[in-house]
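One structure is given here, and the rest of the page talks about it.
Where a number appears in this text, it was derived from the coordinates with a stated rule and is not lab data. Please read all numbers here as calculations on a predicted model, not as lab measurements. Here the Cβ is made from the backbone with ideal geometry for all residues, glycine too, and neighbour counts use every protein chain on show.
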Amino acid sequence: MAEPTRIAVVPVRDGALPAGAAETVAVAAGRALVVGSGARGAVEGLAGVATRTRWWDTPGFAPGTWAAALAPLLVDEDMVLLPGSPDGRDLAPRLAALLERPVLAGAVEVRDGRVATSCFGGAVLAEHHPRDPVVVTLQPGTGPAHPHPSGDDTPAGTTEELVLDAPAGPEAEVLEVLPPDVATMDLAEAPRILGGGAGLDSAERFHELGEVAAALDAAMGATRVITDRGWVGHERQIGTTGVVVDPRLYLAFGISGAVQHTAGLGDPEHIISVNTEPHCPMMTMADLAVVADANATLDELAALLGDGAAADGGASAERAGA
Ligand SMILES: Cc1cc2nc3c(=O)[nH]c(=O)nc-3n(C[C@H](O)[C@H](O)[C@H](O)COP(=O)(O)OP(=O)(O)OC[C@H]3O[C@@H](n4cnc5c(N)ncnc54)[C@H](O)[C@@H]3O)c2cc1C
């Protein structure tokens, strides 16, 4: 019996790959279809993972139109994989509807015909053994770093441009594209994160952390201890059973650095940790380790941001809660 076929569909904007793109291509044994503005340049970001890539450079983000153009190329694929990024989650159900197959959303593992999806905020793993073709979205941070063996003799790294007619699909009218709101954006996509742990003393302190984060153009995250207390929602939990992130800057307030937390941190260029315990793992990992009370440090930061905000009419002060 022929091996089931897999292919990754990777939507890109302005040549930027979404979170989880390389892993999705890895799970698809290196076969990828990259679509969007700057797709040609984005293909370079998949070097070392993609073995056979086709790309379609097309402006804007038009998931209805893209699905209509791509579906005919995907009918014979047993598993169509997309990264579980915002655009991947938008495109996946449209492709599934046109291909008349189900979507398995939020997969954390795809292996040997088995797909495990994360449900109820990571509390439950559901196992699927699809016999018929499916579309799968893969949660960023959960896939392998290298491609599975593809089983064919295609030379590594071949790329091919696609020239597709774009049949008008059902498309919403785009009035304006706004930059993401750091307070609500997908944590996996955030370039700067302020994380809080059990060293912060109250739910109100997390409100303050969120406001300081917003004033610094950063997103707010937390450890599981905090989400279990209900002080912030589970979608803000960083770690193996939360969101896997990959910020450039991570500021940790009162976080010990347990492996279940740090395994979900990606590879930040800079880590700053504020903790009263100088030898805990988070402090050891940090580029700048501040031995101090995290609550007082946060108050100080809020006050400093408040001072700076006087110059801009107090808007930042309001945001920083100062
Ligand atoms: C199956 C499983 C899955 C898990 N998944 C996750 C996950 O996805 N994400 C996750 O985060 N955890 C996860 N955990 C929990 C993880 O093991 C740790 O318990 C958790 O990360 C610890 O959170 P914390 O650092 O906030 O708390 P603690 O470990 O209690 O650390 C608190 C830190 O605050 C410091 N501190 C105390 N007071 C102050 C102060 N005033 N100022 C400054 N610092 C102070 C302490 O020195 C300490 O370092 C998981 C555990 C299991 C068993």
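Taking the C-alpha atoms only, the angle from helix 294-309 to the longest principal axis of the chain is near 90 degrees.
In the chain, a dipole from Cβ-located charges (positive for Lys and Arg, negative for Asp and Glu) runs towards its positive end, and of Ala97, Ser202, Pro86 it is Ala97 whose Cα lies farthest in that direction. The eigenvalues of the Cα gyration tensor, multiplied by 5 and square-rooted, give the range 187-320 an equivalent ellipsoid with semi-axes of 23, 16, 14 Å from largest to smallest.
On a 0 to 90 degree scale, rounded to 10, what angle separates helix 63-74 from the longest Cα axis of the chain? The angle comes out near 40 degrees. Distance between the 7 Å Cα→Cβ label points at Glu127 and Ala296: 5.3 nm.
Relative to the longest principal axis of the Cα atoms of the chain, the long axis of helix 86-99 lies at roughly 30 degrees.
The trypsin sites (Lys or Arg not before Pro) of the range 105-143 that DSSP puts in a loop, and whose beta carbon has at most 11 other beta carbons within 10 Å, are Arg131. Within the listed set Ala105, Ala62, Ala296, the residue fluctuating most in the Gaussian network model of the chain (springs between alpha-carbon atoms under 10 angstrom) is Ala296. Each part reduced to its alpha carbon centroid, the range 166-213 and the range 46-67 end up 25 Å apart. For the chain, relative contact order (Cα pairs under 8 Å, six or more residues apart, normalised by length) works out to 14 percent.
Expressed as a fraction of 2.2 N^0.38 Å, the value expected for a compact globular protein of N residues, the C-alpha radius of gyration of the chain is 1.09. How much of the DSSP beta bridge set in the chain is antiparallel, as a percent to the nearest 5? If we restrict to bridges inside the chain, about 20 percent are antiparallel.
Connecting C-alpha atoms closer than 10 Å in a GNM of the chain, tell me which of Ala123, Ala294, Ala222 has the biggest fluctuation. In this elastic network of the chain, the residue with the biggest mean-square fluctuation among Ala123, Ala294, Ala222 is Ala123. Computing FRET efficiency as 1/(1 + (r/R0)^6) for Asp76 and Met285, where r is the C-beta to C-beta distance and R0 is 51 Å, gives about 0.65.
Electrostatic tally near Val108: other residues with Cβ closer than 14 Å to its Cβ, Lys and Arg +1, Asp and Glu -1, net -1.
When +1 charges are put on Lys and Arg Cβ atoms and -1 charges on Asp and Glu Cβ atoms, the dipole computed for the chain relative to its Cα centre reaches about 680 debye. Eigenvalues of the alpha-carbon gyration tensor of the range 6-161, scaled by 5 and square-rooted, set the equivalent ellipsoid semi-axes at 22, 18, 15 angstrom, largest first. Summing Lys and Arg as +1 and Asp and Glu as -1 over all other residues whose Cβ lies under 10 Å from the Cβ of Leu81 gives a net charge of 0.
Which of these, Ala22, Ala71, Ala126, has the largest mean-square fluctuation under a Gaussian network model of the chain (Cα springs below 10 Å)? Comparing Ala22, Ala71, Ala126 in the GNM, the peak value goes to Ala126. Once C-alpha pairs closer than 8 Å and six or more residues apart are averaged by separation and normalised to the residue number of the range 221-278, the relative contact order reads 32 percent.
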